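This report concerns only the one structure given below.
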Amino acid sequence: MKVVYLLNGTALCGGVKVVYQHVAILRRLGVDAEVVSTTPPSDWAPESWSFYRQVPDLTPEAIGPADVAVGTMYHTVPQAMAVPGARAFHLCQAYEAIYEPARPLWPEIEEVYRLPATKLVVSPHLADLVRELYGQEAIHIPQPFDADAFSPRSGERPQDGTFRVLLTGQWSVPFKGIPWATEALRALKAEIPRLRLVRMSQDAPAEEVAAWPEAERHIWVPPAFVPDVYRNVDLFLGPSTEVEGFGLPTIEAMSCGLPSVLTDIGAFRGIDPDARASIRIPVFDAGALQAAVRRLADDPGLCARLGREGREIARTFHSDRTGEALLAAFRARPAGAGSGLRRAARALVSFGRGSGG
C-alpha cells in the first residue's frame with residue numbers, strides 16, 4: 001500500500017508534527033508512506049527527511065501514483081482527491097470555518113468539507129461536528145504521543161519561592177487565547193507576587209513583550225528540548241477557544257506531571273472528559289482563570305493529584321493506537337465509492353488550487 005500525505009507547509013507547529021508522526025508510524029508498520037510538499041523539508045525535524053519529497057506543485061503528475069492520498073487541512077484535500085486511483089482522505093486537525101481571521105475563506109472551506117473524501121479527525125468532538133454540519137461520518141485517529149520523552153521531573157523543582165505558570169502558543173494566533181490569559185495573570189500578580197509567567201512560542205512580538213516585559217521566554221525551542229521547559233514550571237494554562245482542534249501542549253504538560261487550568265472546549269474535554277487532571281474554566285473568563293490559579297498556588301496537594309492523573313491520561317496516547325486506527329481506516333472498504341476524481345477535478349478548478357495553494 002502506497003500512502004502519500006500532502007502537506008501545505010513545513011513550519012514548526014503541532015499540525016505538521018502530527019503529519020510526520022503518522023508517516024513515521026506507518027513506515028514502522030511496513031507501509032510505503034511519505035510526505036509530499038511544495039515547500040522545503042523542516043530543518044527542525046531532520047528525522048522526517050527520509051520520507052519527505054519536495055515537488056514543484058501538487059498536481060497528480062507531481063504527486064505520482066498512490067493507493068491512499070491524505071489532504072492535510074482543507075488546502076490539499078482537492079489535490080488528494082485528484083490522484084488517479086487513490087482513495088482520498090481529509091485529515092482534520094481543527095475546523096477552520098470558525099476561525100475568525102479566515103472568515104473570507106469560510107465558503108471555500110465549507111465546500112471542501114462537503115467533498116466526499118473520508119474524514120480523519122484528531123479529537124472526538126471534531127467527529128461530532130463533521131456529522132452535525134455535513135452529515136458525514138468521521139474516523140477518530142488517536143493522537144500519537146511519546147509519554148516516555150515527556151516524563152516528569154526527577155524530584156521536586158528547586159524551591160525558589162515562585163509559582164511558575166506556563167503559557168504556550170503564539171500571541172498573534174487568536175484562538176490560542178494568549179493575550180486575554182496574560183492580562184488575567186498580570187492582574188493576579190498584584191495579589192500573588194511570587195507568580196511568574198513562563199512563555200513558550202515561535203516568537204515574541206513587541207505587543208506581547210510590552211504586556212509582561214519580565215516574563216521568562218523560550219522562543220523557537222527545538223522539539224528535543226521542549227520537555228525541559230515543562231519540567232521547570234508549576235502549572236500549565238491552556239486558554240484556547242473552540243477553534244482548537246486537539247491541544248498537543250496540554251498532553252505534553254500532563255505527561256510531565258503538571259496540573260492544568262483549561263478552557264471548557266471540545267478539544268480539552270476530549271483529552272480529560274471527567275476533569276481528572278485539570279480545572280476547567282469558561283473561555284475569556286478572567287475571574288475564573290484567576291480563581292483557578294489562586295486555588296492551585298495555595299494547594300500543593302491538589303497540584304500533585306492533578307499532575308498524577310494527567311500523567312495517567314497522557315500514557316493512553318501512544319503510537320500503537322494511532323497506527324492501528326490508520327491501518328483500519330486505509331484498509332476499510334470505502335462506503336458508496338463513486339467518481340470522486342471527477343468531483344475533485346471540478347473542485348480544483350473552482351478553488352484554483354492546482355499548484356498546491
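Since every read-out is calculated from the coordinates, none of them should be taken as a lab result. Note that the structure is a prediction, hence the values are computed from the model and not measured. Backbone-built Cβ (ideal geometry, glycine too); neighbour counts: all protein chains shown.
General remarks:
- Distant-in-sequence amide H partners of F163 (H built 1.01 Å from N, under 5 Å): L195, R196
- Of [x] 20.3; [y] 21.5; [z] 17.4, the label for mean projected area of the Cα convex hull in nm² derived from the coordinates: [z]
- Pairs of Lys residues in the chain that lie 8 or more places apart, or on two chains, and have C-alpha atoms under 28 angstrom apart add up to 6.
- Using the Karplus relation 6.51 cos²θ - 1.76 cosθ + 1.60 with θ = phi - 60°, the per-residue 3J(HN,Hα) values for the stretch 230-240 come to 4, 5, 10, 10, 10, 8, 9, 10, x, x, 5 Hz, with x marking Gly and Pro.
- Shape class of the stretch 249-320 from the alpha-carbon gyration tensor: oblate, with a/c at 1.5 or above and b/c at least as large as a/b.
- Based on Cα contacts under 8 Å between residues 6+ apart, the chain shows a relative contact order of 18 percent.
- Two-site FRET efficiency, T162 against L105, from Cβ-Cβ distance with R₀ of 56 Å, rounded to 0.05: 0.85
- When you filter the GluC sites (Glu not before Pro) in the stretch 186-230 for DSSP loop state and at most 14 other Cβ atoms inside 10 Å of their Cβ, you are left with E191, E214.
- Computed from point charges on the beta carbon alone (+1 for Lys and Arg, -1 for Asp and Glu), the dipole magnitude for the stretch 1-54 about its Cα centre is near 120 Debye.
- Highest average packing first - 60-66, 154-160, 227-233, Cβ atoms within 10 Å: 227-233, 60-66, 154-160
- Projecting the Cα atoms of G30, L126, P107 onto the dipole axis of the stretch 1-130, where Lys and Arg carry +1 and Asp and Glu carry -1 at the beta carbon, places G30 farthest toward the positive end.
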